[in-house]
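First comes the structure, then the notes that go with it.
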Amino acid sequence: MKLLAIAGSLREHSYNRQLAEAARAVVNERHPEVEFDLLVWDDVPLMNQDIEHPAPEAVTRVRDAVREADGIWLFSPEYNHAIPGPLKNLLDWLSRPVSATEAQVLGEKPFALAGASIGMSGAAHAQDQLVNMLSFLDAHVMNKPRLTIPHIATQADENGELRLEASAPYLEKQADAFIRFVEKEIS
């Protein structure tokens, strides 16, 4: 099985990128047979139909990574109670038909949603928007358990490094559930 994580923040050391890395560590420890990659997508341009065909190299690369994955685990922050703009842009590119003969790459793809925020929502508003969008695109979203971590800075040290003492059991629970969900979806 191959899982692909997408951190919804482009910031190199964002809490959600660190959360995705923590998930990779959990999966590697608990499920060593599962391959777990983190998508690099900071070079994806703004969606523009004028450059859609042929797709820019960065778009082709991320589409290929999504196509090859058995499941996608999204780790998204929340900006102003919404999906971050760069993540929405990425999903817009992924939602477009690849060619006249190939549909978009998100259809029927299993997804899990996790997120952390410095505020009290834990990125729950962004996750609700992601469920609506991904469902519209025919992705298969694992609705339970979702992971929302409010006040994430309280689980980081003075250098901004996540420690996840309080949230670690919930991350482990979601990892195990998502692997079972993907196994069921691909069988």
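Considering LEU94, LEU87, LEU19, which residue is free of Cβ contacts under 8 Å to residues at least 60 places away in the same chain and assigned to a helix (DSSP H, G or I)?
On the way: LEU87 fails: free of Cβ contacts under 8 Å to residues at least 60 places away in the same chain; LEU19 fails: free of Cβ contacts under 8 Å to residues at least 60 places away in the same chain.
Exactly one residue qualifies, and that residue is LEU94.
Taking the residues in the range 130-151 that are closer than 18 Å to LEU3 by Cα and of a type outside the set (A, V, I, L, M, F, W, C) as candidates, determine which candidate is least open to solvent (accessible area, probe 1.4 Å).
PRO145
Please verify whether the range 152-171 includes one or more residues that are β-branched (Val, Ile, Thr) and buried (at least 22 other Cβ atoms within 10 Å of the Cβ).
First, the residues of the range 152-171 that are β-branched (Val, Ile, Thr): 152, 154.
Among the residues that remain, those that are also buried (at least 22 other Cβ atoms within 10 Å of the Cβ) are: 152.
Checked against the condition, which is being β-branched (Val, Ile, Thr) and buried (at least 22 other Cβ atoms within 10 Å of the Cβ), the range 152-171 yields at least one hit.
Name the one entry in GLN174, GLN127 that is in contact with a Gly (Cβ under 9 Å, 6 or more places away or on another chain), open to solvent by less than 70 Å² (accessible area, probe 1.4 Å) and farther than 21 Å from LEU46 by Cβ.
Values: GLN174 fails: in contact with a Gly (Cβ under 9 Å, 6 or more places away or on another chain).
When all the criteria are applied, what remains is GLN127.
Yes/no per residue for (1) surrounded by 15 or more Cβ atoms within 10 Å (Cβ to Cβ); (2) in contact with a strand residue (DSSP E or B) (Cβ under 8 Å, 6 or more places away or on another chain); (3) at pLDDT below 95:
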{"position": "GLU57", "(1), (2), (3)": "no, no, no"}
{"position": "ALA69", "(1), (2), (3)": "yes, yes, no"}
{"position": "ILE83", "(1), (2), (3)": "yes, no, no"}
{"position": "ARG96", "(1), (2), (3)": "yes, no, no"}
{"position": "ALA100", "(1), (2), (3)": "no, no, yes"}
{"position": "SER121", "(1), (2), (3)": "yes, yes, yes"}
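Can you pull out the residues in the range 22-66 that are without any contact (Cβ under 8 Å) to a residue 40 or more places away in the chain and among the hydrophobic types (A, V, I, L, M, F, W, C)?
ALA25, PHE36, LEU38, LEU39, VAL40, ILE51, ALA58, VAL59, VAL62
Hey, among ASP50, ASP43, which residue is surrounded by fewer than 16 Cβ atoms within 10 Å (Cβ to Cβ), part of a helix (DSSP H, G or I), modelled with pLDDT of 95 or more and acidic (Asp, Glu)? Write out each step before concluding.
Details: ASP43 fails: part of a helix (DSSP H, G or I).
On inspection, the qualifying residue turns out to be ASP50.
Please specify each residue of the range 102-111 satisfying the condition of being in contact with a Lys or Arg (Cβ under 7 Å, 6 or more places away or on another chain) and either in a helix (DSSP H, G or I) or surrounded by 21 or more Cβ atoms within 10 Å (Cβ to Cβ) (or both). Quick ask: steps written out before the conclusion?
Within the range 102-111, the subset in contact with a Lys or Arg (Cβ under 7 Å, 6 or more places away or on another chain) is 104-105.
Within the range 102-111, just VAL105 meets the criteria.
Using beta carbons and a limit of 8 Å, which pairs, at least six apart or on different chains, have the first residue in the range 142-161 and free of Cβ contacts under 8 Å to residues at least 12 places away in the same chain and the second one open to solvent by 80 Å² or more (accessible area, probe 1.4 Å) and part of a loop (DSSP other than H, G, I, E, B)?
ASP157/ARG163
The values are calculated or read from the model by the stated rules, or taken from the named source; none is laboratory data. Here the structure is a predicted model, which is why all the values come from computation and not from measurement. No Cβ is skipped: glycine too gets one built from the backbone with ideal geometry, and neighbour counts run over all protein chains shown. For the accessible areas, the whole protein counts, side chains as well, though only heavy atoms, and no ligand, DNA or RNA atoms are used. Shrake-Rupley method; radii C 1.70, N 1.55, O 1.52, S 1.80 Å.
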